[in-house]
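Structure, as structure tokens:
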Amino acid sequence: MTDDFGGLGRQLKDTYRKVAKDRGPSDDEIKKAFSTLAGAWDQVAESVSTALTDPDIRDQLKEAASSFATALGATITELGAELKRATTSAAPQVDEEE
């Protein structure tokens, strides 16, 4: 995860340099800002890693993920039912007496 965000940070830095080349902050200001962001990200990543060693936090995370999966499943089920109702009501009605 840290590698992914590191790569994203590099891409954002390159893109920002292209956009701000003529009217943006200096390279030193950009380097300082990205250094600050990288330091903050390192602190966040370390905090998350430390927190995940706590069994209570892991249990809470599992419960939250389970709740999310249940809610997502219910939403998808309801969406499927709505699509089915919309398809059924939009289909031409066949008169069985003919």
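Tabulated values for the structure
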quantity: Listed candidates (i) 18.9; (ii) 13.8; (iii) 16.8 - label of the one calculated as Kirkwood radius over Cα pairs in Å; calculated: (i)
quantity: Set of lysines with alpha-carbon distance to LYS18 below 25 Å, sequence-local pairs under 8 removed; calculated: LYS31, LYS32
quantity: Filtered chymotrypsin sites (Phe, Trp or Tyr not before Pro), the range 1-86: DSSP coil and at most 11 other beta carbons within 10 Å; calculated: none
quantity: Rough spin-label spacing in nm, given labels placed 7 Å along Cα→Cβ, for ASP42 and LEU8; calculated: 1.9 nm
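No value in this document is a laboratory result; all are computed from the given coordinates. Just so you know, these numbers come straight off a predicted model, no measurement behind them. As a convention, Cβ positions derive from the backbone with ideal geometry for all residues, glycine included, and neighbour counts pool all protein chains shown.
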